[in-house]
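K.L.:
I'd like to ask some things about the structure below.
The values are calculated or read from the model by the stated rules, or taken from the named source; none is laboratory data. These numbers were taken from a predicted model, which means no experiment stands behind them. Please note: Cβ atoms are built from the backbone with ideal geometry, for glycine as well, and neighbour counts cover all protein chains shown. Just so you know, the surface numbers come from the protein's heavy atoms only, side chains and all, with ligands and any DNA or RNA stripped out. Shrake-Rupley method; radii C 1.70, N 1.55, O 1.52, S 1.80 Å.
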Amino acid sequence: MRELVEREIEAVGATPGAPARRGSRRTVTVNAAESPLGWLRARGMVDARQFEAGERLRSDYETAALGPRVTMRWDAAPTARGRRGPDAPLDPTLAQIAAKRRFDAAVAAAGPGLSDVLWRVVCAGEGLPAAEKALGWPARAGKLVLGIALDRLADHYGLG
């Protein structure tokens with residue numbers, strides 16, 4: 001289910017062709033569940049290759065950040081192993097360690113100057129304006145740097 005939120009923003013130009021008036025307000029519906037990377041993709045600011053690379057990084061980040069299970073496991077009962085039985089699934093702890101290694105390798109491939117914006121936008125879910133402000137960058141610099149970081153990440157993953 002999508003979570004929609006109405007926000008009141010300061011309008012620069014409320015209607016197309018109308019002169020901009022400072023202080024005028026309008027209401028906009030925002031999907032709060034949408035990631036900043038998904039928002040950029042929907043508006044054509046990130047291509048499919050960059051988006052896929054970012055989603056892979058986010059998936060590894062979330063898998064690596066999972067804590068130990070503290071409740072009942074509702075998995076299917078174990079089946080017989082052998083010629084016809086399936087391979088044993090990866091232990092959750094081993095899956096977490098493997099995801100952490102993949103995440104660390106991907107961040108290292110992006111480089112020290114690019115990994116901070118990559119982590120903030122893709123993994124932490126910060127918007128570009130918030131990331132730019134936190135990093136002390138000028139407005140609109142984050143989109144360019146994030147694009148370069150996502151390209152390096154896509155090269156690391158071998159995405160064509």
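K.L.:
If GLY111 satisfies all but one of (1) open to solvent by 40 Å² or more (accessible area, probe 1.4 Å); (2) on the phi > 0 side of the Ramachandran plot; (3) of a type outside the set (Asp, Glu), what's the number of the condition it fails?
P.N.:
Exception for GLY111: condition (1).
K.L.:
Looking only at region 119-145, how many residues end up being touching a residue at least 60 places away in the same chain (Cβ under 8 Å) and out of contact with any Pro (no Cβ under 9 Å at 6 or more places or on another chain)? Before you say what the answer is, go through the steps one by one.
P.N.:
Start the filter on region 119-145 by keeping residues that are touching a residue at least 60 places away in the same chain (Cβ under 8 Å), which leaves 121-123, 125-128, 143.
Now narrow it down to the ones that are out of contact with any Pro (no Cβ under 9 Å at 6 or more places or on another chain): 123, 143.
So the count comes out to 2.
K.L.:
While we're here: Scan region 125-142 and give yes if some residue there is open to solvent by 30 Å² or more (accessible area, probe 1.4 Å) and under 15 Å from GLU55 (Cα atoms), otherwise no.
P.N.:
Yes: region 125-142 contains one or more residues that are open to solvent by 30 Å² or more (accessible area, probe 1.4 Å) and under 15 Å from GLU55 (Cα atoms).
K.L.:
Oh, and also: Being modelled with pLDDT of 65 or more, open to solvent by less than 80 Å² (accessible area, probe 1.4 Å), within 23 Å of the chain's Cα centre (by Cα) and of a type in the set (Lys, Arg), is that true of even one residue in region 37-45?
P.N.:
No: region 37-45 contains no residue that is modelled with pLDDT of 65 or more, open to solvent by less than 80 Å² (accessible area, probe 1.4 Å), within 23 Å of the chain's Cα centre (by Cα) and of a type in the set (Lys, Arg).
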